[in-house]
Amino acid sequence: MKLYDGGKIIAGIVVFVIAASSPFWYGKGKVVPPPDLKLDTPAIEQLREKLCVETAPYMRANHMKLLAAWRESVVREGDRSYGATDGKVYEISLTGTCLECHSNKGQFCDRCHDYAGAKPACWSCHIIPEEVR
Amino acid sequence: MAPTRREFLKIAGISAAGLVLPPLASVFTRAQAGTPAAGGVAPTVSEPRSALTAKRWGMVIDTQKCRSGCTDCIAACHIAHNVPDFGNPKDEIRWIGAEKMAHVFPAETHPRLPESIKSLPVPVFCNHCENPPCVRVCPTQATFQRADGVVMMDYHRCIGCRFCMAACPYGSRSMNYRDPRPFIRKINPEFPTRTKGVVEKCNFCEERLAQGILPACVTACTQKALTFGDVEDPGSDVRRILDGKFSLRRRQELGTGPQIYYIL
């Protein structure tokens, strides 16, 4: 087998491999700090017991599943109340219940979603109260 | 060298086992893990603040009480539900519309009727059919019928195929061809907006019924032309009116069983 213009081809491949893998070399050894989530909204400050509808580790891992279950519950079953593990009953509402406490969506939801590369489509329909006011 | 028949069968068997076993294993681990939301807890669900309930919701519209040119019900509904105004009829979104009598009831009117009756404006909206054709054709079950007869839209599931718009004989559905957000005059934070690419329609103010309030159009009508209630309850307001007067439903012959009754 004979390789025509072998020098150019191999040089091209080398350049391509370096360019394609450059993000990995560039980021090697660097640690991106996890996002700093702000929990200092007025509504949270007023809470005597600083607790979400479920425990923080559960919410951190499963809030998307919980929200999906909430969505099904309200829209398809017409049930707007959520019985938490600790026995408290909450109204199911993204704008009303979630964002009432987490009124700083930009410093809470968005920071972590940006960090994780998650792009939830919630806000194309659901309203962010601070934007409307 | 080509594999022998025996070798080929061995490889095929191992491959098949490899395809089947991992999903099975994940099913077992998931069943063991369990999440609080899924089944670990018995939720203590309470009935929301005295929600209005019915066997089948329906509405009676007394068109004689409608003042010509009045758009109170339309305005109230469209403000409550963040209905955009694109300012052009091609993209128009409407939950309630006002149509001429002759267009709403083409089979019941005739050319010799006086113009005053033929051009009488009649409010039209989703009929919340007993046998809704839109629900039958929806490929994702984004539109569905609740136990109380309300034909609902689940905008999360809508893929914008518009089969429902083709199926609805009443033209009650509108498609968001553009992003509606910039065209909403004042956003009501109590109700979500829609997004580009979903179909929307009247929801019988399902969100207000859950709070124990009558639909926005009914409370907005100063002439009391709209009456809302349970059509299966013989003692309800709607049934009292229907018992006393002659009423019509739109395109009754199609068998959709509309739940909006018109008194002419």
Notebook entry, point to check: If exposed chymotrypsin sites (Phe, Trp or Tyr not before Pro) are those in a DSSP loop with at most 15 other Cβ within 10 Å, what is the longest stretch of chain B that has none?
Noted result: B:87-176
Item checked: Peptide A:115-124 - average C-beta neighbours from other chains (10 Å radius) -> 2
Next item on the list: Translational diffusion coefficient, Stokes-Einstein: compute it for segment A:1-93 using the Kirkwood radius over C-alpha pairs as Rh, at 4 °C and 1.567 mPa s, and state it as an integer in µm² s⁻¹.
Entry: 69
Check: Per-residue ellipticity at 222 nm for the protein assembly as shown, helices alone: DSSP H runs ≥ 4 residues times -39500 (n - 2.57), over residue total, nearest 500 deg cm²/dmol?
Finding: -10000 deg cm²/dmol
Margin query: Test of understanding: ordering A:22, B:119 by Cβ neighbours within 10 Å, fewest first, what list do you get?
Written below: A:22, B:119
Check: Which value in Å is the Kirkwood Rh of the protein assembly as shown over different Cα pairs?
Finding: 25.7
Notebook entry, point to check: Which FRET efficiency value, to the nearest 0.05, do you get for residue B:50 and residue A:55 by plugging their Cβ-Cβ distance into 1/(1 + (r/R0)^6) with R0 = 35 Å?
Noted result: 0.65
Check: Could you state the number of Å between the C-alpha centres of segment B:151-181 and segment A:3-24?
Finding: 51
Margin query: Could you tell me the calculated FRET efficiency between residue B:115 and residue B:64, based on Cβ-Cβ distance and R0 = 25 angstrom, to the nearest 0.05?
Written below: 0.90
Next item on the list: Translational diffusion coefficient, Stokes-Einstein: compute it for segment B:94-242 using the Kirkwood radius over C-alpha pairs as Rh, at 10 °C and 1.306 mPa s, and state it as an integer in µm² s⁻¹.
Entry: 92
Item checked: Order by protection proxy (mean Cβ within 10 Å, highest first), peptides A:80-93, B:213-226 -> B:213-226, A:80-93
Margin query: Shape verdict for segment A:36-132, please, from the Cα gyration tensor: rounded (a/c under 1.5), prolate (a/b greater than b/c) or oblate.
Written below: rounded
Notebook entry, point to check: From the phi of every residue in segment B:256-264, what ³J(HN,Hα) in whole Hz does the Karplus formula 6.51 cos²θ - 1.76 cosθ + 1.60 yield, where θ is phi - 60° and glycine or proline is x?
Noted result: 7, x, x, 10, 10, 10, 10, 9, 9
Check: Stretched out fully, how many nm does the piece from residue B:186 to residue B:240 gain, at 0.36 nm a residue minus the Cα gap?
Finding: 15.7 nm
Check: In peptide A:71-81, how many Cβ atoms from other protein chains are near each Cβ within 10 Å, on average?
Finding: 6
Notebook entry, point to check: When Lys and Arg each count +1 and Asp and Glu each count -1, what net charge do the other residues less than 11 Å away from residue A:99, Cβ to Cβ, add up to?
Noted result: -2
Next item on the list: Treat the count of other C-beta atoms within 10 Å as a stand-in for reagent exposure and order B:227, B:109 from fewest to most.
Entry: B:109, B:227
Item checked: Inter-label distance for residue B:75 and residue B:166, nm, one decimal - labels placed 7 Å from Cα along Cα-to-Cβ -> 3.9
Next item on the list: Report, as an integer, the average count of C-beta atoms from other chains found within 10 Å of each Cβ along B:207-219.
Entry: 1
Next item on the list: Once you've got the Cα coordinates, tell me which of A:119/B:90; A:65/B:90; B:55/B:196; B:65/B:196; B:118/B:186; A:38/A:65 are over 29 Å apart.
Entry: A:119/B:90; A:65/B:90; B:55/B:196; B:65/B:196; B:118/B:186
Margin query: Give me the Å³ per residue figure for the convex hull around the C-alpha atoms of chain B.
Written below: 244
Margin query: Less than 14 Å Cβ to Cβ from residue B:236, Lys/Arg counted +1 and Asp/Glu -1: what total charge do the surrounding residues give?
Written below: -2
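All of the numbers you see were taken from the coordinates with simple rules; none came from a lab. All values derive from a computational prediction rather than experimental measurement. Please note: Cβ atoms are built from the backbone with ideal geometry, for glycine as well, and neighbour counts cover all protein chains shown.
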